[in-house]
Amino acid sequence: MAATTEDRLGRSVPAWCPGATGIAGAARLSGGASQETWSFDIVHPDGNIGAILRRAPPGYGAAPERAAGLDAEAVLMREAYEAGIPSPRVLHVLTAADELGTGFIMARVAGETIPRKILRDAQFAAARPMLARQLGGVLAKIHRLDPARLPKLRRMTAAKEIAELAQDYRDYQWPRPVFELALRWLRDNDPGPSAETTLVHGDFRHGNLIVGPDGARAVLDWELAHFGDPMEDLGWICVNSWRFGEIDKPVGGLGRREELFAGYEAEGGHVDPARVAFWEVMGTLRWGVMCCGMMHRFRTGDRSMERAMIGRRTSETEIDLLRLLAPRG
Amino acid sequence: MQDEPTPIELVTAVADFLRDDIAPALKGHSAFKLRVAINALDLVARQLTLAGPGEDAERARLSHLLGEEGDLLDLNRKLAEAIGRGTLDLATPGVAEHLWRTTMDKLAVDQPNYASYRRELAREPKPS
């Protein structure tokens, strides 16, 4: 019988974790065919160590065009950790000898990623009022990571992002007058290349942030990291889709833009609110196009009911685009 | 003519059965998947109820804006292209109103609990 993921993890761990005797409690958490996340414990005489495996299984090594790739993600997380950004410690980058595909193993960080719990549960009541400011500080630290120490990543501009979104939208062949309006607005209002080009996380929002009662504990999922306008990350976290009902608190339903900006500037960053507003429109359209992509994948073979239903959330971004571009009253 | 019960009645009865009798018995991932399934059935019931009259009005608005007749997909494609080219925009009388009405009608089917929709709905005069 072929070795299972558990068997292979059990063989890998003692090679890089001195004293470890094996693993226990391996459970697959999520992900599609091309990327998997597993949670497990490293069994160690000094006490078990919670760990997460993030990998593309053998045969799924090639990253899609826009993804940084798992090896790059591991480097980014290590650099983030070293720079004092809340981040899980990377324990091991997979090698061919592991027979686990490409990816890495990191320490498991306790906390919550589910937005509705972070926004409503009593245990986060003390963290909520400080998170918008804290996340601004985290972003400033991300943006000042030294590019010389970072992996090769795509270099993006607003114009390139507009062109990619337009292409994706056209590929789906479903007319959306509101998306056309947004694309037109973005082209007409493109502020041009930014004065500063920095590392951009690319997906800094609920779901990719582990939060504890004490605040932000880890930034996850660097898959969409690239070099570009740092204001993109500030605009993306203000997209209404990440407010989960708390629509008067633009920063992830947690707080005001001014708090995010103050946290960013306290860590030495410089905020351009007009560019942030531009990227919020871009981000709203981007999530809308991603919802259409889910519908497209559903149509073209993946029959997942969840994907089909995310396709029906595209109209959420259409109303949010109208609220931004054609506000009533 | 097809017989009763109507598709709306059947879909609603199935959704109610899953919600009331099956959901309480499930846990974990299956419970999550069932919730998605019930949401999908509720959406279908809303669409069967609301889409007909909404789409008739949408087609009439599109014909008026574009000055031509056609099916809904075709007219939407033409409006999208006109906005993309800039021959129609928010300054064109009726465009903003049309986009708002159409989008509100979509949300009423897709996600009637979405907070932006609730907020915008509260701004509209109540139908008398």
message: Among the residues of the stretch A:255-274, are any of a type in the set (Ser, Thr, Tyr), within 14 Å of another protein chain (Cβ to nearest Cβ) and buried (at least 21 other Cβ atoms within 10 Å of the Cβ)?
response: no
message: I'm trying to understand the selection: among the residues of the stretch B:81-99, which are surrounded by fewer than 19 Cβ atoms within 10 Å (Cβ to Cβ), within 7 Å of another protein chain (Cβ to nearest Cβ) and either in contact (Cβ under 8 Å) with a residue 40 or more places away in the chain or among the hydrophobic types (A, V, I, L, M, F, W, C) (or both)?
response: B:LEU90, B:ALA96
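Results for (1) surrounded by fewer than 15 Cβ atoms within 10 Å (Cβ to Cβ); (2) modelled with pLDDT under 95; (3) not assigned by TED's automatic domain parsing to the domain that holds A:GLU306, shown as yes or no for each residue.
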{"site": "A:GLY31", "(1), (2), (3)": "yes, yes, yes"}
{"site": "A:THR37", "(1), (2), (3)": "no, yes, yes"}
{"site": "A:ASP41", "(1), (2), (3)": "no, no, yes"}
{"site": "A:ILE52", "(1), (2), (3)": "no, no, yes"}
{"site": "A:PRO57", "(1), (2), (3)": "no, yes, yes"}
query: Identify, please: which residue in the stretch A:305-327 is more than 7 Å from chain B (Cβ to nearest Cβ) and in contact with a Ser or Thr (Cβ under 6 Å, 6 or more places away or on another chain) and is, among those, surrounded by the fewest Cβ atoms within 10 Å (Cβ to Cβ)?
result: A:LEU321
- request: Mind counting the residues in the stretch B:1-41 that are aromatic (Phe, Trp, Tyr) and over 22 Å from A:ARG303 (Cβ atoms)?
  value: 1
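Does A:LEU119 count as surrounded by 16 or more Cβ atoms within 10 Å (Cβ to Cβ) and in contact with a His (Cβ under 6 Å, 6 or more places away or on another chain)? Give the derivation first.
Working: surrounded by 16 or more Cβ atoms within 10 Å (Cβ to Cβ): yes; in contact with a His (Cβ under 6 Å, 6 or more places away or on another chain): no.
So A:LEU119 does not fit the description; no.
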message: So, in the stretch B:1-22, exactly how many residues are acidic (Asp, Glu) and within 15 Å of B:GLN47 (Cβ to Cβ)?
response: 1
task: Determine which single condition A:ASP221 fails, assuming it passes every other condition in (1) closer than 23 Å to A:CYS292 by Cβ; (2) of a type in the set (D, E, K, R); (3) modelled with pLDDT of 95 or more.
output: (3)
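I'd like to verify a number: residues in the stretch A:242-254 that are among the β-branched types (Val, Ile, Thr) and buried (at least 19 other Cβ atoms within 10 Å of the Cβ), how many? Show your work before the answer.
First pass over the stretch A:242-254, keeping only residues among the β-branched types (Val, Ile, Thr): A:247, A:251.
Checking the rest, the ones that are also buried (at least 19 other Cβ atoms within 10 Å of the Cβ) come to A:251.
Selection size over the stretch A:242-254: 1.
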field: helices (runs of 4 or more DSSP H) wholly inside the stretch A:104-175 that include at least 3 residues being closer than 20 Å to A:GLU258 by Cα
entry: A:128-143
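The values are calculated or read from the model by the stated rules, or taken from the named source; none is laboratory data. Remember, it's a predicted structure, so these values are computed and weren't measured experimentally. Methodologically, a virtual Cβ is constructed for each residue, glycine included, from the backbone with ideal geometry; neighbour enumeration extends over all protein chains shown.
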